[in-house]
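Take a look at the structure below.
The values are calculated or read from the model by the stated rules, or taken from the named source; none is laboratory data. All of these numbers come straight from a predicted model, not from anything done at the bench. Positions of Cβ are backbone-derived with ideal geometry, glycine not excepted, and every protein chain shown enters the neighbour counts.
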Amino acid sequence: MRVTPLIALKKTAAALSKLPCRFCLIGGHAASLYRAQERFTRDVDFAVVATEKGRSRAVAESAIKALGMKPVAGFIPHRQEKPSRSTVCMVTSQPAGGELTGMVDILLPEISWVVEAVERAQHNKMDLGFAMVPVITPEDLIIAKCQSVANVPDRFQDLDDLKQLFKDVEDLDIDYIRRRLQELSLVIPKALKSNVPRSLL
């Protein structure tokens, strides 16, 4: 059977729910839950924090194997002014023929925003039609997107998600966003200056 993004999302969530970890849906699928207009994405993204410290990579690999896919260590590019490093920040599924990336990406706690975002998502479960799944909060998704743009400034989809999150989500916790931006040394991308509250600039 051909694995579609929806099937991958369902199976990954089911696999993670059986493993010793906390997890949440992130990325484009999460953004579409908050945006007034959904956007297409074939990537299925989760963040995971294993119950036992240091086991998150093993948990992520187990989840991807449960899909019948091969897990591959992933590295996320860092800002140019910082030296490159070889720490595994994610586990991805092996890309299909001719593709650069796999369908399923699972981010690990080595990424600075993951631990707190996963913890907060446990109180933000949503009915996705097949199960109640922890979903990253819109505030933490904004933080995640800001870091993604900091790493790769020309990521149009992340910039568009940020713009739509600020436009479409009511009652954002601006104080929380400001605090986390400061803690993680992140900023709102300059391209969005006219779309965000002044207090965040």
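Miscellaneous remarks
- Tallying residues that are at pLDDT 90 or above and more than 19 Å from Ala14 (Cα to Cα) within the stretch 56-89 yields 3.
- Thr41 touching a His at 6+ places or on another chain (Cβ under 7 Å) and at pLDDT below 95: yes
- Inter-residue pairs, beta-carbon under 6 Å, first closer than 14 Å to Leu141 by Cβ and assigned to a strand (DSSP E or B) and in the stretch 27-48, second small (Gly, Ala, Ser) and at pLDDT 95 or above, 6+ apart: Asp45/Gly27
- Entirely in the stretch 91-195, the helices (runs of 4 or more DSSP H) that have 2 or more residues that are more than 25 Å from Ser56 (Cα to Cα) and under 15 Å from the mean Cα position of the chain (by Cα): 156-168
- Qualifying residue in the stretch 175-194 (condition: hydrophobic (A, V, I, L, M, F, W, C), modelled with pLDDT of 95 or more and in contact with an Asp or Glu (Cβ under 9 Å, 6 or more places away or on another chain)): yes
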